[in-house]
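Let me begin by presenting the structure, written as structure tokens, before commenting on it.
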Amino acid sequence: AAPGPGHEEFRPRIVPYYRDPNKPYKKVLRTRYIQTELGFHERLFVAVLTSKATLNTLAVAVNKTVAHHFPRLLYFTGLRGAKVPHGMVLVAHGDERPIWLMYQTVRYIHQHFGSDYDWFYIMQDDTYAQAEQVKALVTHLSINQDVYLGRAEEFIGGDEQARYCHGGFGYLISRSLLLKLHPHLDSCRNEILSVRPDEWLGRCIIDFLGIPCVSQLQGQHYHTYELAKNTEPEKEEEEEFQAALAVHPVSDMTLMYRLHKHFSRIQLDRTYQEIQDLQMQIRNLTALTPAGEAGLTWPVGINGPFLPKSRFEVISWDYFTEQHLFSCPDGSPKCELSGASKADVSEIIESALEQLNSRYQPLLRFSKRQLLNGYRRFDPTRGMEYTLDLLLEAVTQKGHSHILAKRVSLVRPLSKVEIIPMPYVTEATQVQLVLPLTVQDLDFVGNFLDMFAMNTLDTHDNALLTLLFIYHPYDAQRVSQVDVFAGVKAMVGDLEKRYAEVKIPWISVKTEVPSQVKLMDIVSKKHPVDTLFFLASVWTEINMEFLNRCRMNTISNWQVFFPVHFQEFNPALVYRGEQTASSGTDFLRDGHFDRHSFAEACFYNSDYMTARTKLAADILDRDEVLESMELFDVFLHYSGLHLFRAVEPGLVQKYALRSCNPRLSEELYHRCVLSNLEGLASRSHLAMALFEQEQANST
């Protein structure tokens, strides 16, 4: 059928590539994201009009109730120099006249966001809008039409056919209409006289574009509800109120919160009802499948438990009681249940009792006496699973009570996955490598410098190196006679001769306890605040792949990166005289990711300085505390940044027995010893070595 009037027929066509041979070839710059290249826009932008009198009341209430549901929301006011409440983005135009505020707001939206969004929703701060309903509305509307959607009102003494959208109930404007309206805004400001800003905007759109406000479009209705004075939202049962996208007028903050609670409950009840309907449909359809009812998973509609293919894939259960957890993050066998884990257990027990009572009441009413046993595990395919052995008291309708033990199973399913917005970073940032060296590291420095020269200097990677010579006090006194680092300095001199443009500075430090924090204090003061540091170890083999990940995973004032390097096992135990595997595809086979090591770190100097300042205020002059801390602890407790800790296959270290300094704290020394022990070989390799040794001893 031929397309109707006002509709376009879109057909894909191939645009042939043609390059003028008379013009020099110029490389085409591709955008970083395909969304940018294809011209995709964000869905919805929300503008909230506020004033001096309501900025710290109603506007704050809007921000706390619905702002986090919208992808982008800005507040507009005519007040200049206003103190902005926390968590709000405010645009001040400097003139509180209503028409001027509307004019400047529409101009600002077009100038800054007109090319980025498809829909623009303008509302007042005395409006309660159901954010999820508004977002659902725009997904059902075509972006190719000029849309002016809201609560249509008649102009006073005007044409009956013309309607404007009442500003108190919010209104929706499409991007195409905004682009057409922008050239006429100045004319509207000079020619149209009106007291109300919503009437002024409606008259502007009608006079210059001929588009009136409508309350329904493309089968979608813009439902609104006008609140009467002294309204009790909890007692409102009208269907019009229940279906409203926007409610107006909201007189105070308390009423805004009550409305939000009421509509959230309505939305929650609808969601639960939809879940029940879907579960019933799944049950009915499952009976018709080849597996029959046996193929029905529990809970209905949730993925079944993960089925391991070998014993290495079995997901273990963590045992807990109401007071203790028997699988602790630090590896200890028992620790106190606290924080989020305690809240999680309490909520699960309450949920179990609620479900039992809802199922058996009014015949039986259950109350908890004691949690006998608790088990939980995280299944990546479905969520957190719980098994509880509860000691319950069951009371009948006649008042008779009985003590019984009952086992219940619960699942906290994985909900909607959200993409966390991250700041934009590039791979062109210069990386400053920092390499601390002690006397015990001298045998490995040569290999480090060779790899650095081959993978960064030869490839002209944007990376610099600073060496940190850590002298023992005894060696420092004899440095004029015998310099223990003389050989390393000679290697550095050879590199600087080979690469004329390269300078590798070094810093000498005298200490018995080479604390990471004390060493970084020295290095930090000698570099600009915007320096990206990579704290390396002498066993690290630098390569471009990892340096790029260091750049991408480290974000100033947002995130620091602590990679987990891959540690190769002792070849004497793994191969026992056999030829080592040199295949490039199996280079991660004979080793493990060393989770006990925090020697490598990527972070910005500004972030370190901020965290270090907070640490100094906390410990005052007790510098001995620094000997028990690593950089990871500083960022974890004093930065407030995201700590990205992940395995890094680009950091592969050859086997070497680390020297553990007994002067460090007990925890750091213990962690170093564990790293050495677990880095010897796998269990199977150690078992074979013991077996061969016992056979040799028996013969």
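The values are calculated or read from the model by the stated rules, or taken from the named source; none is laboratory data. Since the model is a prediction, treat every value here as computed from it, not as a measurement. Here the Cβ is made from the backbone with ideal geometry for all residues, glycine too, and neighbour counts use every protein chain on show. Ligands, DNA and RNA are excluded from the accessible area calculation, which covers all protein heavy atoms including side chains. Shrake-Rupley method; radii C 1.70, N 1.55, O 1.52, S 1.80 Å.
Quick notes
- Taking strands (runs of 3 or more DSSP E) as the structural unit, those lying wholly within region 580-656 and holding at least 2 residues that are modelled with pLDDT under 90 and open to solvent by less than 70 Å² (accessible area, probe 1.4 Å) correspond to 591-593, 642-653.
Each row is one residue, and each column tells you yes or no for (1) open to solvent by 40 Å² or more (accessible area, probe 1.4 Å); (2) under 16 Å from residue 104 (Cα atoms); (3) assigned to a helix (DSSP H, G or I).
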{"position": "179", "(1), (2), (3)": "yes, yes, yes"}
{"position": "184", "(1), (2), (3)": "yes, yes, yes"}
{"position": "190", "(1), (2), (3)": "yes, yes, yes"}
{"position": "198", "(1), (2), (3)": "no, yes, yes"}
{"position": "207", "(1), (2), (3)": "yes, no, yes"}
{"position": "211", "(1), (2), (3)": "no, no, no"}
{"position": "231", "(1), (2), (3)": "no, no, no"}
{"position": "234", "(1), (2), (3)": "yes, no, yes"}
{"position": "237", "(1), (2), (3)": "yes, no, no"}
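- Test: residue 196 is under 22 Å from residue 51 (Cα atoms) and charged (D, E, K, R): yes
- Which numbered condition residue 198 misses (of (1) over 18 Å from residue 122 (Cα atoms); (2) assigned by the TED database to the domain that holds residue 110): (1)
- Only one of the listed residues (349, 282) is touching a residue at least 40 places away in the same chain (Cβ under 8 Å), open to solvent by less than 80 Å² (accessible area, probe 1.4 Å) and of a type in the set (A, V, I, L, M). That residue is 349.
- Residue list for region 253-292, restricted to those being within 21 Å of residue 166 (Cβ to Cβ) and of a type outside the set (A, V, I, L, M): 263
- Any pair with Cβ under 9 angstrom, 6 or more apart, that starts in region 360-384 at a residue that is small (Gly, Ala, Ser) and ends at one that is open to solvent by 80 Å² or more (accessible area, probe 1.4 Å) and assigned to a loop (DSSP other than H, G, I, E, B): 383/303; 383/414; 383/415
- Applying the condition of being of a type in the set (A, V, I, L, M, F, W, C) and open to solvent by less than 30 Å² (accessible area, probe 1.4 Å) to region 371-394 and asking which residue is nearest to residue 414 (Cα to Cα) yields 388.
- Any chance residue 691 is assigned to a helix (DSSP H, G or I), surrounded by fewer than 13 Cβ atoms within 10 Å (Cβ to Cβ) and not aliphatic (A, V, I, L, M): yes
- Contact annotation: residue pairs with Cβ atoms under 6 Å, 6 or more positions apart or on different chains, pairing a residue in region 226-237 that is more than 11 Å from residue 258 (Cα to Cα) with a partner that is surrounded by 10 or more Cβ atoms within 10 Å (Cβ to Cβ), are 227/247.
- Whether a residue is open to solvent by less than 20 Å² (accessible area, probe 1.4 Å) and assigned to a strand (DSSP E or B) was assessed, and residue 564 passes this test.
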